[in-house]
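What follows is a single structure, written as structure tokens, with notes after it.
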Amino acid sequence: MMMHPNLLLNRAELEEIKQKVARYPWARQAYALLQTNADDWAARTISVPDTGGGFYHAADPAEHLITLEHYALSQAARDMGLMYQFTDEPRYRDQVQAILLAYADKYLTYEIHDKAKRTGNEAHAGGRATSQGINEAMWGIPLAWAYDLVYNGLTPDARTRIESELLRPAAEIIMDNNEGRHNHQTWYNAGV
């Protein structure tokens, strides 16, 4: 049986961080920044975008702003997942769960698209939440970490939905990309 967490950090590494926070000013400062961000997101009403985002150089900047919103949500989930591990406060877990379940509700409704605006089977190295496979991986990695960090606090039903309607479908999109020996491939590999 797999122990959680074990992706971003394991229990021993989390304990080591707690000890460093107690001992070193630089670690307390980093922890305070993490907590400030997590607290900000824990107080918000969670809403994920209704569509996937566009490419950085999209003619309409609003398209890329959607991608940035997806990134912000995945990074917030990671930060709140970390704070849940450090504090065991349910509000962090609850917000991570809200983000993951909101994406589970919407992810498969996002059209597969690429930076050239091709869709469906015509899309090349595309994504659903983002317009490139590499960006899909960059968005998905913090979500997978967040899931792992709160896994033990989720119900079996929530886990099933998150895995089957978000994490596995995202991994399938990412796995469609194979660039061999290329820096993009490292992101694809990490995203799966």
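Filtering segment 120-139 to residues that are farther than 27 Å from A77 by Cβ and not in a helix (DSSP H, G or I) leaves only H124. Take segment 152-164 and flag every residue that is over 14 Å from the mean Cα position of the chain (by Cα) and part of a helix (DSSP H, G or I). Listed by number, the residues that qualify are N152, G153, P156, D157, A158, R159, T160, R161, S164.
Among the residues making up segment 98-119, those that are touching a helix residue (DSSP H, G or I) at 6+ places or on another chain (Cβ under 7 Å) and assigned to a helix (DSSP H, G or I) are I99, L100, L101, Y103, A104, Y107, L108. What number of residues within segment 137-192 satisfy the criterion of being modelled with pLDDT of 95 or more and among the acidic types (D, E)? Count: 4.
Checking each residue in segment 85-128 for being buried (at least 18 other Cβ atoms within 10 Å of the Cβ), more than 19 Å from the chain's Cα centre (by Cα) and of a type in the set (S, T, Y) picks out no residue at all.
For (1) of a type in the set (G, A, S); (2) more than 22 Å from A137 (Cα to Cα); (3) surrounded by 14 or more Cβ atoms within 10 Å (Cβ to Cβ), each residue gets a yes or a no:
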site	(1), (2), (3)
Y31	no, yes, yes
D40	no, yes, no
R44	no, yes, no
F55	no, no, yes
A58	yes, no, yes
H64	no, no, yes
Y71	no, no, yes
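Look at segment 1-29: where a residue is under 15 Å from D79 (Cα atoms) and surrounded by 13 or more Cβ atoms within 10 Å (Cβ to Cβ) and a partner is modelled with pLDDT of 95 or more and of a type in the set (S, T, N, Q), sitting 6+ places away or on another chain with Cβ atoms under 8 Å, you get P5/Q85; L9/Q85; L14/Q85. Might you let me know whether segment 137-154 holds any residue that is more than 23 Å from N10 (Cβ to Cβ) and of a type outside the set (A, V, I, L, M, F, W, C)? No: zero hits.
The values are calculated or read from the model by the stated rules, or taken from the named source; none is laboratory data. As the structure is a prediction and not an experimental result, all values here were calculated from the model. Cβ atoms come from the backbone with ideal geometry, glycine included; neighbour counts cover every protein chain shown.
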